[in-house]
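Okay, structure first, notes after.
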């Protein structure tokens with residue numbers, strides 16, 4: 001590394017000790033601490049490790065078309081194909097695995113999910129779940145306190161992935177705005193949904209599921225150079241709707257975008273909403289839902305002592321994290337939030353929680369009680385039975401999340417989250433030393449690093465070149481320039497794909513200026529996401545070496 005940033009990125013001895021303790025206790029697959037790993041079949045599978053997909057797959061296994069006629073009374077625990085498929089699945093424990101917002105689950109969460117699988121509760125109804133319902137609500141109260149919600153007013157439920165969490169956010173806004181829509185639909189209702197241009201694709205696909213007229217009823221707000229929602233454009237959009245008497249059921253924000261980890265300013269959006277509703281005498285306010293599927297674990301730092309810094313987090317990360325604290329604490333202004341434990345929470349798939357700031361909002365989602373005639377009426381209020389999208393809700397996600405939260409604790413989560421943040425900042429620093437590399441949204445703090453490579457040249461100034469690409473606002477020669485550099489980077493990426501860090505190609509890590517019609521071009525690039533508890537700075541250094549080795553020519 002250059003002398004510009006030698007020490008601030010280094011892992012301190014204090015932090016290394018905390019990290020090694022967490023990894024040894026909770027991410028080690030140690031059969032002495034977690035006896036389930038001694039199970040025959042599992043033990044063999046763990047010892048063998050994950051393998052790449054075979055170039056010549058076992059045709060005999062893959063051609064199975066019928067259920068066997070006879071029972072398998074052998075000593076095998078797993079059918080051969082199941083074990084074969086698991087062996088050749090993606091290995092998220094490999095230190096090189098940094099493709100996306102997926103990571104290896106921790107040992108407590110794996111065992112928690114197994115416990116729920118054995119107990120087999122259905123969280124949709126208390127009679128089918130027993131005290132598992134109370135376990136779910138315990139997690140809800142714990143997470144409410146982490147966010148800054150009133151744990152006596154807030155509520156929440158585990159659902160089938162982050163997409164469902166965002167679907168609840170849209171649906172709740174519609175039901176609050178149009179109370180009869182659950183029975184009579186939305187025909188004849190004019191409204192506008194508002195979301196960010198940088199939001200997850202489920203922000204749009206969910207609207208299609210709800211039957212929204214997407215070209216006419218959805219307004220996508222522009223984003224700034226760091227991919228955060230442009231607050232001026234948002235205020236203009238919201239005020240324009242309310243001035244025309246148009247209902248805005250839901251405003252969907254993002255707390256950590258997938259590709260550049262942009263965090264929208266939730267508190268400012270809340271303030272803009274409040275002023276606009278007061279100005280236009282709006283009684284039914286737009287519902288603010290935040291997609292925090294990836295970024296939610298940052299709430300673990302809400303009360304971290306940055307002055308004392310007990311974990312010894314390095315200075316670059318600490319400074320950025322402390323500066324980000326107002327945005328993190330702003331999450332409490334959301335009316336509902338999508339939280340994925342299956343991502344940065346280190347819990348197996350699927351484990352997603354949707355939180356509601358005000359439990360009374362769930363009344364808006366309630367269906368006709370006559371639909372639920374075969375449930376005991378006195379017990380239907382013990383869960384959100386009449387308000388849920390699902391008719392069955394498995395408990396593996398809730399048990400996995402509870403075990404992870406309550407065995408790692410806040411200090412354990414702070415350690416593993418800071419580990420990912422330090423890795424990301426380290427890669428940003430190393431990439432910034434390369435004269436042919438532009439780190440996109442470098443000031444964003446998160447596990448994601450997005451960057452763009454350019455053809456090396458003596459007079460290359462990547463900052464100036466990237467700025468010109470972003471300033472493009474009309475067709476012309478500069479589009480050819482974007483295409484030329486994108487092709488160079490793409491070929492470079494393909495030539496070293498799978499070597500060292502397993503990064504990912506992204507079609508949009510930045511965008512050009514918006515034209516008068518609100519349109520822009522997307523600029524592609526490469527990204528790495530550091531959720532992986534097994535990735536260390538030495539693995540990042542090896543990746544940088546592959547880039548430096550091709551400074552003057554493309555990889556062979």
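Coordinate-derived values only; no laboratory data. Bear in mind that the values here come from a model prediction, so they are computed numbers and not experimental data. Reconstructed Cβ throughout: ideal geometry from the backbone, glycine too, with neighbour counts over all protein chains shown.
Before moving on, here are some points about what is shown:
- The stretch between residue 205 and residue 78, if pulled fully straight at 0.36 nm per residue, gains 42.0 nm over its current Cα-Cα span.
- Rough spin-label spacing in nm, given labels placed 7 Å along Cα→Cβ, for residue 504 and residue 152: 4.3
- Scoring 113-122, 414-423, 136-145 by mean Cβ neighbours within 10 Å over their residues and listing the highest first yields 414-423, 136-145, 113-122.
- Relative exposure of 134, 536, 47, 425, judged by other C-beta atoms within 10 Å (fewest first): 47, 134, 536, 425
- Helical contribution to [θ] at 222 nm, DSSP H n ≥ 4, -39,500 (n - 2.57), averaged over the chain, rounded to 500: -12500 deg cm²/dmol
- Packing, as the average of other Cβ atoms within 10 Å across residues, places the peptides 497-506, 176-185, 281-290 in the order 281-290, 497-506, 176-185, highest first.
- Length gained on full extension, residue 34 to residue 20, computed as 0.36 nm times the residue gap minus the Cα-Cα distance: 3.3 nm.
- The calculated FRET efficiency for the pair residue 309 and residue 85, based on their C-beta separation and a Förster distance of 45 Å, comes to about 0.50.
- Part-to-part distance (alpha-carbon centres) for the stretch 149-172 and the stretch 450-515, which is given in Å: 38
- Projected label points at residue 64 and residue 180, each 7 Å from Cα along the beta carbon direction, are separated by 5.4 nanometres.
- The simple Förster model, with R0 at 22 Å and r as the Cβ-Cβ distance, assigns residue 127 and residue 358 a FRET efficiency of 0.25.
- Extension gain (nm, one decimal) between residue 46 and residue 480, 0.36 nm per residue minus Cα-Cα: 151.3 nm
- Cα shape, the stretch 153-381, gyration tensor, a/c 1.5 rule: oblate
- For residue 102 and residue 268, a Förster radius of 35 Å and the Cβ-Cβ distance give a FRET efficiency of 0.70, rounded to the nearest 0.05.
- Simple spin-label estimate for residue 214 and residue 379 gives 4.2 nm between the two label positions (7 Å along the Cα-to-Cβ direction from each Cα).
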